[in-house]
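The structure under discussion appears below in the form of structure tokens.
The values are calculated or read from the model by the stated rules, or taken from the named source; none is laboratory data. The shown structure was predicted, so the numbers you read here are calculated from the model rather than taken from an experiment. Neighbour counts run over all protein chains shown; Cβ positions are idealised from the backbone, glycine included.
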Ligand SMILES: Cc1ncc(COP(=O)(O)O)c(C=O)c1O
């Protein structure tokens with residue numbers, strides 16, 4: 001990535017200086033452009049390539065990749081309307097983009113942090129420790145020490161070994177027992193690694209008691225991108241069983257954490273779709289955790305808030321034709337992003353990202369639309385760095401782009417800079433909605449005068 005491009009901030013109005021975008025602020029829109037179209041992206045690129053960043057020049061931009069992120073209050077609002085009892089604690093790991101965090105801080109969300117680094121990031125943003133859960137069932141000792149010294153109260157556990165570690169380093173933690181609750185069809189199942197079997201709960205509760213610890217709640221995670229609604233109801237029912245067992249052990253239970261697993265997309269009217277998930281959860285909560293139990297309910301959504309917020313734009317910067325023994329032309333293209341960058345989501349998150357062709361805004365539209373079997377390579381020297389093999393594409397020129405919608409969850413957050421290529425710092429393009437800026441400004445002003 002051209003460093004001038006990644007550092008560039010274009011200020012379009014006085015409001016931008018208030019929200020301090022660390023990237024190129026393209027526009028303000030009141031509503032989210034929920035399907036960033038190829039036409040709109042081409043317009044953005046034309047503005048970047050021709051007028052907004054003249055000092056970088058075409059070559060700098062062709063070396064780059066751009067992540068366009070839209071900040072809008074729609075997802076937090078839709079959550080609140082659909083599940084008023086459940087406070088979202090955003091899973092920072094999913095996408096620690098400062099704009100997403102800032103907006104969620106302003107909108108009153110809490111945060112699921114899983115390491116000292118994530119805790120530190122949120123505390124530095126002024127988030128009170130009471131709005132954070134250290135939701136890692138197997139924490140490194142130094143991270144526990146950091147949490148203790150910075151007033152973090154809640155953490156999860158699912159083993160005897162973790163209970164001993166907590167007893168030794170921070171016996172004041174409010175401990176939340178994570179139980180296993182697998183959706184067998186989740187895109188990323190988590191149960192193999194985390195979550196105690198429900199039948200292990202009595203033994204873990206007894207151990208916590210013997211060690212003098214306080215168990216205050218139950219958590220679960222059905223797996224990322226959950227498909228089956230019944231997994232949530234079953235998990236909430238099991239959580240209630242563990243609550244009852246904990247009460248019998250003498251614990252004062254006050255927190256239910258229903259984890260993540262939610263996807264968020266739009267219907268054809270541009271409204272956030274929850275499907276039936278919210279109704280299923282509300283019904284199960286009413287049955288197993290009626291309001292008179294006075295249990296605080298939180299969730300740890302990551303993908304729901306982040307996935308549709310970002311669109312990735314990658315130019316083609318190299319290519320070759322290979323002719324098969326049958327005389328068929330197959331095309332190879334090199335993109336500026338690959339499996340070591342945002343497309344690590346193909347390996348680690350089971351994603352199959354969809355793309356659209358965005359023709360170079362600096363070249364005339366091609367007239368020949370014949371298609372070829374094509375392979376998309378990432379930019380590193382590793383031959384395993386292949387984004388897609390044998391897909392059908394029209395003939396692309398160096399300088400044409402591919403646009404990848406829904407690129408905000410578990411993408412750049414998991415990238416590394418292998419081969420000295422700056423995958424972790426794509427150029428950033430922002431679109432803020434006016435109402436989102438209003439919320440952020442109001443909260444920042446209150447903080448200034450407090
Ligand atoms: C403990 C925990 N909480 C929350 C999340 C976020 O899950 P999702 O993005 O599916 O909502 C994860 C994802 O791996 C997780 O491990």
Looking across region 92-112 at residues that are more than 30 Å from residue 420 (Cβ to Cβ) and within 15 Å of the ligand (Cβ to nearest atom), the single one that is surrounded by the most Cβ atoms within 10 Å (Cβ to Cβ) is 112
Using beta carbons and a limit of 6 Å, which pairs, at least six apart or on different chains, have the first residue in region 295-307 and within 14 Å of residue 232 (Cβ to Cβ) and the second one near the ligand (Cβ under 8 Å from one of its atoms)? 300/91; 300/112; 300/135; 300/259; 300/260; 301/260; 301/262; 304/262
The residue that is nearest to the ligand (Cβ to nearest atom), considering only those in region 243-267 that are surrounded by fewer than 24 Cβ atoms within 10 Å (Cβ to Cβ) and closer than 25 Å to residue 93 by Cβ, is 263
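Could you tell me which residue of region 341-379 is surrounded by the most Cβ atoms within 10 Å (Cβ to Cβ), considering only residues that are part of a strand (DSSP E or B) and more than 27 Å from the chain's Cα centre (by Cα)?
Only one residue fits best here, namely 374.
Given the options 438, 400, 382, name the one that is at pLDDT 95 or above and over 20 Å from the mean Cα position of the chain (by Cα). Spell out how you get there, then give the answer.
Values: 438 fails: at pLDDT 95 or above; 400 fails: at pLDDT 95 or above.
After ruling out the rest, the residue left standing is 382.
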Filtering region 208-237 down to residues that are surrounded by fewer than 19 Cβ atoms within 10 Å (Cβ to Cβ) and closer than 24 Å to residue 134 by Cβ yields 209, 210, 211, 212, 214
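Within region 119-139, count every residue that is in a loop (DSSP other than H, G, I, E, B), over 25 Å from residue 204 (Cβ atoms) and in contact with a strand residue (DSSP E or B) (Cβ under 8 Å, 6 or more places away or on another chain). I'd like the intermediate steps shown before the answer.
Restricting attention to region 119-139, the residues satisfying the condition of being in a loop (DSSP other than H, G, I, E, B) are 125-128, 135-139.
Then drop every residue that is not over 25 Å from residue 204 (Cβ atoms), which leaves 125-128.
From the residues that got through so far, the ones that are in contact with a strand residue (DSSP E or B) (Cβ under 8 Å, 6 or more places away or on another chain) too are 127.
So the answer is 1.
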When residues of region 321-340 are filtered for being out of contact with any strand residue (DSSP E or B) (no Cβ under 9 Å at 6 or more places or on another chain) and surrounded by 14 or more Cβ atoms within 10 Å (Cβ to Cβ), how many remain? 1
Screening 139, 193 for residues that are under 25 Å from the mean Cα position of the chain (by Cα), within 13 Å of the ligand (Cβ to nearest atom), modelled with pLDDT of 95 or more and over 30 Å from residue 276 (Cα atoms) leaves only 139
Residue match in region 302-311 (condition: outside any helix (DSSP H, G or I), within 16 Å of the ligand (Cβ to nearest atom), surrounded by 18 or more Cβ atoms within 10 Å (Cβ to Cβ) and at pLDDT 95 or above): yes
Hey, residue 218 hits all of (1) more than 22 Å from residue 303 (Cα to Cα); (2) without any contact (Cβ under 8 Å) to a residue 60 or more places away in the chain but one; which does it fall short on? (1)
Quick one: is residue 212 at positive phi and more than 16 Å from the ligand (Cβ to nearest atom)? yes
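Kindly indicate whether residue 289 is within 16 Å of the ligand (Cβ to nearest atom), in contact with a helix residue (DSSP H, G or I) (Cβ under 8 Å, 6 or more places away or on another chain) and on the phi < 0 side of the Ramachandran plot. First the steps, then the outcome.
Details: within 16 Å of the ligand (Cβ to nearest atom): no; in contact with a helix residue (DSSP H, G or I) (Cβ under 8 Å, 6 or more places away or on another chain): yes; on the phi < 0 side of the Ramachandran plot: yes.
Here the answer is no, as residue 289 does not meet what is asked.
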